[in-house]
1. Within segment 20-29, is there a residue that is at pLDDT 90 or above and open to solvent by 100 Å² or more (accessible area, probe 1.4 Å)?
2. Among the residues of segment 32-62, write down those that are within 15 Å of A85 (Cβ to Cβ) and open to solvent by less than 80 Å² (accessible area, probe 1.4 Å).
3. Does segment 30-78 hold any residues that are among the aromatic types (F, W, Y) and either at pLDDT below 90 or assigned to a loop (DSSP other than H, G, I, E, B) (or both), and which are they?
4. So which of V64, V43 is without any contact (Cβ under 8 Å) to a residue 40 or more places away in the chain and β-branched (V, I, T)?
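The values are calculated or read from the model by the stated rules, or taken from the named source; none is laboratory data. Just so it is clear, the model here is predicted, and its values are computed rather than measured. We place every Cβ from the backbone using ideal geometry, glycine too, and count neighbours over all the protein chains shown. The accessibility values were calculated without ligands, DNA or RNA, using every heavy atom of the protein model including side chains. Shrake-Rupley method; radii C 1.70, N 1.55, O 1.52, S 1.80 Å.
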Amino acid sequence: MKRIFLTLLALSALIGGMQAQAPQRVPAAPYPIVKQQPNGETVTILLRGDEHKHWMMTQDGWQVVQDDKDRICYAIQKKDGTIIASKKFKLSVES
């Protein structure tokens, strides 16, 4: 009886451990998204990555970020590797 109990316990621990290691990734939306700038203009962006590492890009491949005024701006990389918003927020405008 003790042997059956230990076998079932080991089996349940193994199954529980396998479920805990299952990947939980969710990819970004695969289609272009139209966002409105605070000034009323609209820009089309693409989302890339998953829930752990993600970023936005223009349709022509430039990385963009949202600044502190909620504008979508072109991204620039600092010397330490961090990405910040540039002052240029006039992107390709949708009509």
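1. Initially, segment 20-29 is screened for residues at pLDDT 90 or above, giving none.
For segment 20-29, residues at pLDDT 90 or above and open to solvent by 100 Å² or more (accessible area, probe 1.4 Å): absent.
2. The first filter runs over segment 32-62 and keeps only residues within 15 Å of A85 (Cβ to Cβ), leaving 35, 37-38, 43, 45, 55-58, 62.
Result: K35, Q37, V43, I45, M56, M57, T58.
3. Here is the first cut: in segment 30-78, the residues among the aromatic types (F, W, Y) are 31, 55, 62, 74.
Correct list: Y31, W62.
4. Selected residue: V64, the only one of V64, V43 that is without any contact (Cβ under 8 Å) to a residue 40 or more places away in the chain and β-branched (V, I, T).
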